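This report refers to the structure that appears directly beneath it.
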Amino acid sequence: MAGKQALNIVKMKKMKKDKIPLTVLTAYDYPSARLAEEAGVDMLLIGDSLGNVVLGYDSTIPVTIDDIVYHTRAVARGAQSTFIVADLPFMTYHGSIDETLRNVRRLMQEGHAHAVKLEGGKEIAATVQTIVQSGVPVVGHIGLTPQSVNQIGGYRVQGKDELDAKRLIEDAKALEQAGAFAIVLELVTEQVASIITSELSIPTIGIGAGRDCDGQVIVFHDLLKYSPDYRDKRFVKTYADIGAQIRSSISEYVSDVKKRQFPGPEHVFTAEDGVVDNLYGKGKVEQPV
């Protein structure tokens, strides 16, 4: 978007105060980032969801720091005026703090991200604080945390009972205290997400967390049904069925080539008059194909 000024964490906090919702979309490559920026998205997230929707894995766990760096760099080239957040993937921030900061450095220096995102609550608060103190903005992520899906028993809605609700509220406050400038709430009951949003001074960004969050994030491929085996999700609104359109278009191309309907006369280039005669001689009946 020509002339657009990227958001910063101060402006985002003011948007919360002014009750202006944040729009967040995942992006994994140059064209999707460019289109999202032109459409006016506030923030782009290079999520480790790329493992599911781009790399063909059945979870986010196999995604590496190299994967995220590579895709973040492509997104940064496509969206030069949009705030970009990159995920720290599975087990890249649970070892030594030196190793964690090396991974953060790669996302910022090689990937050109503006911030990083970590999954977890109280247990990673100290890590968040150290990253923030190093000068890097951090987005927290609680509720359903896909990197811990094997530990939490699958893709289940969080915050259904009082004990779980208290845990989520404590986690959110711990992340805010540690210096996170925003928190993603994934698959959290609307009532609990609303409480967390009201009790924090930093924005909450919901995905399957109801209507009261300060912003919403959606996966690019869910928004557009851009998948060969797309499955509907209750918390997702799809705006187009690009997957079906792509499949149909490719099928039509295959059919046209098989029937020799493509290329047509309008797709070919013609040599100057006399070129063929000069190459092969006048009166030549057969010419090479």
The lone condition GLY243 fails out of (1) assigned to a loop (DSSP other than H, G, I, E, B); (2) touching a Lys or Arg at 6+ places or on another chain (Cβ under 6 Å) is (1)
Residue satisfying condition, being over 30 Å from ASP164 (Cα atoms), modelled with pLDDT of 95 or more and over 21 Å from the mean Cα position of the chain (by Cα), within set GLY264, GLY274, GLY281: GLY264
Can you tell me which residues in segment 70-102 are crowded, with 20+ Cβ neighbours inside 10 Å and over 18 Å from PHE220 (Cα atoms)? LEU88, PRO89, PHE90, THR92, TYR93, THR100
Provide a single number: the residues in segment 95-116 that are in contact (Cβ under 8 Å) with a residue 12 or more places away in the chain and part of a loop (DSSP other than H, G, I, E, B). 4
Of VAL236, VAL257, VAL217, which residue is touching a Leu at 6+ places or on another chain (Cβ under 8 Å) and not in a loop (DSSP other than H, G, I, E, B)? VAL217
Can you name the number of the only condition in (1) at pLDDT 95 or above; (2) at negative phi; (3) assigned to a loop (DSSP other than H, G, I, E, B); (4) out of contact with any strand residue (DSSP E or B) (no Cβ under 7 Å at 6 or more places or on another chain) that LYS19 fails? (2)
Examine segment 172-187 for a residue that is among the aromatic types (Phe, Trp, Tyr), at pLDDT 95 or above and surrounded by 23 or more Cβ atoms within 10 Å (Cβ to Cβ), and state whether such a residue exists. no
Note on ASP232: of the conditions (1) under 29 Å from LEU25 (Cβ atoms); (2) at pLDDT 95 or above; (3) surrounded by fewer than 10 Cβ atoms within 10 Å (Cβ to Cβ); (4) not polar (S, T, N, Q), unmet is (2)
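The values are calculated or read from the model by the stated rules, or taken from the named source; none is laboratory data. Owing to the predicted nature of the structure, the values given are computational and were not obtained by experimental measurement. Neighbour counts are summed over all protein chains in view; Cβ atoms, including those assigned to glycine, are modelled from backbone coordinates with ideal geometry.
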